[in-house]
1. Quick one: count up the residues across the range 1-11 that are more than 17 Å from residue 147 (Cα to Cα) and exposed (fewer than 11 other Cβ atoms within 10 Å of the Cβ).
2. Being under 21 Å from residue 151 (Cα atoms), open to solvent by 60 Å² or more (accessible area, probe 1.4 Å) and of a type outside the set (D, E, K, R) narrows it down to one residue among 109, 68; which is it?
3. Out of the range 116-150, which residues are of a type outside the set (Ser, Thr, Tyr), open to solvent by 50 Å² or more (accessible area, probe 1.4 Å) and outside any loop (DSSP other than H, G, I, E, B)?
4. Counting only residues that are charged (D, E, K, R) and not in a loop (DSSP other than H, G, I, E, B), which one in the range 151-178 is nearest to residue 28 (Cα to Cα)?
5. What is the residue count in the range 71-84 for residues that are in contact with a strand residue (DSSP E or B) (Cβ under 8 Å, 6 or more places away or on another chain) and either free of Cβ contacts under 8 Å to residues at least 60 places away in the same chain or more than 27 Å from residue 146 (Cα to Cα) (or both)?
6. Could you list all residues from the range 74-111 that are closer than 18 Å to residue 40 by Cα and of a type in the set (Asp, Glu)?
7. Would you list the strands (runs of 3 or more DSSP E) that sit entirely within the range 1-115 and hold 1 or more residues that are of a type in the set (Val, Ile, Thr)?
8. State all residues of the range 121-170 that are free of Cβ contacts under 8 Å to residues at least 60 places away in the same chain and of a type in the set (Asp, Glu); if no residue qualifies, say none.
Amino acid sequence: MDEKPYQMLGQVRDPIPAVPGRDRREDNEYVRSGTCSIFCWVEPLAGWRRVDARPHRTRIDWAHQVQQLLTVDYPDAEAVVLVMDNLNTHGTSSLYEAFDPATAFALAQRLEIHHTPTHGSWLNIAEIELSALTRHCLDRRIADLDLLNTELAAWQTAVNADQRQIQWHFTTADARTKLRHLYPMN
């Protein structure tokens, strides 16, 4: 799981459409339409992704995303292993801020949380997927949250239809070499 901020931008003037022999032309002036946060969830071996843009990136937003993961995406799973960076919103305490204690406890019991190391963003598969999403889907101006979520849903549907799995080639031996400062010397 990972998220990224996104700035929504609108056009000041309508672009001139592409014609044979000439690319679409767009004015460099734009209108700022606010910011949002894009949440990305990835199950690498199943080739599944879920992306969702929300107006904010708070503890409450993260908790509601986790609730959807556990109640809609994986309602029958006993436990879900969640790998993510160590952002202050990424913890079970966020669930207790968003939900009543019984609901928060039930959700927290189904999570097995692992944080990527500091400066280890290259280990976060969801961050790599956000990079692909940015190249494939967010390479133009999108002015509002509804349009952004429509575009994200289209991208999600297309990549999930392919069921493109992620083949991770980084082994434990590689980790012990590259991340030796994290492993105790016995």
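1. Summing the residues that are more than 17 Å from residue 147 (Cα to Cα) and exposed (fewer than 11 other Cβ atoms within 10 Å of the Cβ) in the range 1-11 gives 0.
2. Numbers: 109 fails: under 21 Å from residue 151 (Cα atoms).
Exactly one of 109, 68 is under 21 Å from residue 151 (Cα atoms), open to solvent by 60 Å² or more (accessible area, probe 1.4 Å) and of a type outside the set (D, E, K, R), namely 68.
3. Those that are of a type outside the set (Ser, Thr, Tyr), open to solvent by 50 Å² or more (accessible area, probe 1.4 Å) and outside any loop (DSSP other than H, G, I, E, B): 122, 127, 128, 135, 136, 146, 147.
4. Let us first name the residues in the range 151-178 that are charged (D, E, K, R), namely 151, 162, 164, 174, 176, 178.
After this cut, where a residue has to be not in a loop (DSSP other than H, G, I, E, B) as well, the list is 151, 162, 174, 176, 178.
Working: 151: 22, 162: 35, 174: 45, 176: 48, 178: 43 Å.
Looking at residues that are charged (D, E, K, R) and not in a loop (DSSP other than H, G, I, E, B), I get 151.
5. 7
6. 85
7. It comes to 30-43, 48-54, 80-84, 111-115.
8. 139, 146, 151
The values are calculated or read from the model by the stated rules, or taken from the named source; none is laboratory data. Worth saying up front: this structure is predicted, and the values here are computed from it rather than measured. FYI the Cβ positions are ideal-geometry reconstructions off the backbone, even for glycines, and counts take in every protein chain you see. The accessibility values were calculated without ligands, DNA or RNA, using every heavy atom of the protein model including side chains. Shrake-Rupley method; radii C 1.70, N 1.55, O 1.52, S 1.80 Å.
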